[in-house]
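All remarks here apply to the structure that follows.
The values are calculated or read from the model by the stated rules, or taken from the named source; none is laboratory data. The shown structure was predicted, so the numbers you read here are calculated from the model rather than taken from an experiment. Because the Cβ atoms are built from the backbone with ideal geometry, glycine has one as well, and the counts that use them run over all protein chains shown. The accessibility values were calculated without ligands, DNA or RNA, using every heavy atom of the protein model including side chains. Shrake-Rupley method; radii C 1.70, N 1.55, O 1.52, S 1.80 Å.
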Amino acid sequence: MSISNYLEAKILDHVLRNTAYTPASTVYLALHTTDPGEDGSGTEVTGGSGPYSRKAITFAAAVSPAGTISMSAVAHPSGIDFSGMPGCTVTHVALWDSLSGPNNCLWSGALTSSRTVTAGDTLRITSLTVTLD
């Protein structure tokens with residue numbers, strides 16, 4: 001996954017300039033049909049019978065020195081379900097600092113393989129690892 005321009009600036013200012021940064025109390029996982037990129041401008045899934053919405057995600061402790069953190073298996077034992085999906089092809093996921101706008105993209109990345117879903121289907125994310133290296 002790629003860290004966003006927004007979060008890169010916040011980390012640099014916090015670590016090297018002692019500028020306060022308050023992280024979001026909840027991080028949300030979003031599905032995208034195009035690459036959100038480092039500015040978060042890609043196309044997020046919308047609609048469906050669910051209807052589609054971002055899902056809260058939690059993480060286990062970071063692994064050092066590998067510089068990785070993974071979705072919490074305790075909090076999400078079977079994965080995160082997006083039910084009532086619209087018909088679409090999901091190519092990317094992103095982490096956001098709010099359920100809806102105004103908001104900031106934190107990280108984004110491509111799925112291992114694109115997932116084409118039929119309207120009404122459930123798409124399950126069973127694992128997610130973020131790397132800071």
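Regarding LEU106, is this residue crowded, with 19+ Cβ neighbours inside 10 Å and within 12 Å of the chain's Cα centre (by Cα)? So that I can check it myself, show each step before the final result.
On the way: crowded, with 19+ Cβ neighbours inside 10 Å: yes; within 12 Å of the chain's Cα centre (by Cα): yes.
For LEU106, the condition - crowded, with 19+ Cβ neighbours inside 10 Å and within 12 Å of the chain's Cα centre (by Cα) - is met.
Looking at region 67-86 only, could you name the residues that are touching a residue at least 40 places away in the same chain (Cβ under 8 Å), open to solvent by less than 50 Å² (accessible area, probe 1.4 Å) and over 15 Å from TRP107 (Cα atoms)?
GLY79, ILE80, PHE82, MET85, PRO86 - these are the residues of region 67-86 that are touching a residue at least 40 places away in the same chain (Cβ under 8 Å), open to solvent by less than 50 Å² (accessible area, probe 1.4 Å) and over 15 Å from TRP107 (Cα atoms).
Here is a yes/no grid of residues against (1) farther than 21 Å from GLY37 by Cα; (2) among the aliphatic types (A, V, I, L, M):
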position	(1), (2)
GLY50	yes, no
ALA61	yes, yes
PRO77	yes, no
LEU99	no, yes
CYS105	no, no
SER108	no, no
SER113	no, no
THR122	yes, no
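Could you please give the count of residues in region 1-53 that are without any contact (Cβ under 8 Å) to a residue 12 or more places away in the chain and charged (D, E, K, R)? Steps first, answer last, please.
Filtering region 1-53 for residues without any contact (Cβ under 8 Å) to a residue 12 or more places away in the chain gives 9-22, 25, 41, 43.
Filter once more, keeping what is charged (D, E, K, R): 10, 13, 17.
Result for region 1-53: 3.
Which condition does SER41 not pass, out of (1) at pLDDT below 95; (2) surrounded by 15 or more Cβ atoms within 10 Å (Cβ to Cβ), if it passes all the others?
Answer for SER41: the failing condition is (2).
Please note which strands (runs of 3 or more DSSP E) are completely contained in region 15-133 and include at least 3 residues that are of a type outside the set (Gly, Ala, Ser) and closer than 25 Å to ASN5 by Cα.
In region 15-133, 27-32, 88-96, 105-117, 129-131 are the strands (runs of 3 or more DSSP E) which contain 3 or more residues that are of a type outside the set (Gly, Ala, Ser) and closer than 25 Å to ASN5 by Cα.
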